[in-house]
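Everything below concerns the one structure shown next.
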């Protein structure tokens, strides 16, 4: 079937009915077979009470009984439904799954309300979208039946294969197969599929990338429709080509996303910072096939040192800024105080001509140069005329960083390992996605500079679109839970770090904790614990107070449209405002309002844009765009985390049989995790391998304690371990701790209370 139930429901609203013919057009259903399948789907969803089918069209029912959620299952068989709109997770018992699998988007009905220590329970009423249309598996014979056993142990359903796939059963040690699901389980009938291709698990490099793409059902083919791009209009465009501007480039891959350029002018009372973003919004049409496809993609993905781009190659090439070329852009002039506070701003459609490119080698030479030297390093020769501008940008970036940290921003010392296969991913992103914290500032990283310089530009657009009450996409982030920070302080005190709760009984702010932890020899593991207390950055349809800014300002992404669809959306809205916005109530009024700057705020009492232009934005928001984009953002993070784990596991293969020093990075009831520098790969020392004693788990102190010898394993402790086994496909590294025969246990354990937790989720 060409569409899922989720695709269908995403086109519908509660308030208004959509004619079936229009629904067929939105879903691109042209054949009689596809249209018949749509009728079957509409009938089934109507019988479930999900939608209403009437003569004038189809609408969503608006029932609050059915909750949209995504399944998260564990290898032990426990399943929870995570609500799309946020809220308490719903526990789903095995017999209530109705053949739904981990990751599926579902409609859930709550059957039992939760209590103080119990999650609500419910059952799956409808599977909206299957997450596992293909799976990685190994082929086995179970009796007379040939089956594919998924590598993901959260999928507890062997898939029946035809006899023609038997050849793959003999290669299980060298390869895995990608299985296409032909039929998901129905009633008593098991799932069926066929082998699409065999993938090597010994190849490394490109073979590992193929494994990663197949595991997450990603395709490198991109947009398959007809690509028809608009030409940016020349009328009303401001010529900024004479303004010196720099392109800060931090990645090395050929298919890397396009980044903005920056310029700076010194004023008597501060700075005028210019940010010039690649103009994607001017080349797209709202609600066109390409724009709808970009909505589905959501994010560009970094796979270590290559990318799965968001934009089609032709669109990226057209919008990308290049040194020495005059190109259309979307620019903003930001007036900043001497302290870096955003005072005023003005947006414009512009022409820019980047003067020079600044990469990591240039910044390394810039940091190492001697100010009074007569010669210019080779890496800086192309920037010789722009060195004063570079110095000014460095000063401003540091100023903006200090302002952000003073306002509660959080930087953590948690860089990724310096593996060649992670070259681009290690640099991070120049703006926010879901990560609620930032890497500690690296003065030789161009992207670290951009992270600070782009922040006021995205705050400016957030203020602007919120002031004009336009249907923008904003970024929000909640503050950490005070109870979690309090627990972290107690943990740190238990590790002999001099911290205490304040007079009000609460922990210091997260930024203050991060600073305090840096002085400890357990700084990395404590920063990891602090990272886990941060709340993710979420996309929202309205401005909210959040931790992304020094004060409760709206924050709207737009500077990196080749990275995030939310930036494409806001660029489309900004272009509409600049080109079609109504700057006076009627032609009879002589006084115009400047819609490009903050001077027009509070003066507009009429509709800025015609309803015909606003309708596609409003309809998409009403159809659940925000939830879908947040889901795609989570998916992007999962893919990149999987790629990181795969690269680290590959690096650990060469360590099997070796004894290495490590640091305890996590404690659980079933053992403890050890991080091995310099790859930062984590392996598990299972509690069953600790033969010298019976160890009790004390969750509040994050430690394991021997009952007899009182030997303690706690966060941040150095340990010697032997690497026993590496499973690259499942990213599992088995370790055994080495305890010297003469090692002395502590005389006594200061913790009198014993808390033992044996259950594992």
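The values are calculated or read from the model by the stated rules, or taken from the named source; none is laboratory data. Here the structure is a predicted model, which means the values were calculated and not measured. Here the Cβ is made from the backbone with ideal geometry for all residues, glycine too, and neighbour counts use every protein chain on show.
Brief remarks on what is shown
- Looking only at residues of segment 453-475 that are in a helix (DSSP H, G or I) and within 19 Å of the chain's Cα centre (by Cα), we find that the one that is farthest from residue 332 (Cα to Cα) is 455.
- Entry remark, segment 135-167: residues being in a loop (DSSP other than H, G, I, E, B) and in contact (Cβ under 8 Å) with a residue 24 or more places away in the chain number 10 in total.
- Residue within segment 72-86 that is under 27 Å from residue 635 (Cα atoms), touching a helix residue (DSSP H, G or I) at 6+ places or on another chain (Cβ under 8 Å) and loosely packed, with under 15 Cβ neighbours inside 10 Å present: yes
- Filter result (surrounded by 17 or more Cβ atoms within 10 Å (Cβ to Cβ) and under 30 Å from the mean Cα position of the chain (by Cα)) within segment 360-375: 360, 362, 363
- Look at segment 403-418: where a residue is at negative phi and a partner is in a helix (DSSP H, G or I) and at pLDDT below 90, sitting 6+ places away or on another chain with Cβ atoms under 8 Å, you get 405/511; 409/511; 410/510; 410/511; 411/405; 411/511.
- Of all positions in segment 3-20, none carries a residue that is surrounded by fewer than 16 Cβ atoms within 10 Å (Cβ to Cβ), under 24 Å from residue 288 (Cβ atoms), under 31 Å from the mean Cα position of the chain (by Cα) and not assigned by TED's automatic domain parsing to the domain that holds residue 104.
Residue-wise test of (1) within 17 Å of residue 430 (Cα to Cα); (2) surrounded by fewer than 18 Cβ atoms within 10 Å (Cβ to Cβ); (3) in contact with a helix residue (DSSP H, G or I) (Cβ under 8 Å, 6 or more places away or on another chain).
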site	(1), (2), (3)
215	no, no, yes
222	no, yes, yes
254	no, yes, no
259	yes, no, yes
278	yes, no, yes
285	no, yes, yes
303	yes, no, yes
306	yes, no, yes
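- Segment 574-594 - residue that is in contact with a helix residue (DSSP H, G or I) (Cβ under 6 Å, 6 or more places away or on another chain) and part of a loop (DSSP other than H, G, I, E, B) and, of those, surrounded by the most Cβ atoms within 10 Å (Cβ to Cβ): 593
For every residue, the table says whether it meets (1) outside any strand (DSSP E or B); (2) modelled with pLDDT of 95 or more; (3) touching a strand residue (DSSP E or B) at 6+ places or on another chain (Cβ under 7 Å).
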site	(1), (2), (3)
197	no, no, yes
202	yes, no, no
221	yes, no, no
229	yes, no, no
235	yes, no, no
250	yes, no, no
256	yes, no, yes
283	yes, yes, no
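- Considering residues of segment 682-702 that are in contact (Cβ under 8 Å) with a residue 60 or more places away in the chain and assigned to a strand (DSSP E or B) only, the residue surrounded by the fewest Cβ atoms within 10 Å (Cβ to Cβ): 696
- Residue in segment 390-408 that is outside any helix (DSSP H, G or I), in the same structural domain as residue 447 (by TED's automatic domain parsing) and within 25 Å of the chain's Cα centre (by Cα) present: yes
- Residues of segment 14-64 that turn out to be assigned to a loop (DSSP other than H, G, I, E, B) and in contact with a strand residue (DSSP E or B) (Cβ under 6 Å, 6 or more places away or on another chain), as a count: 5
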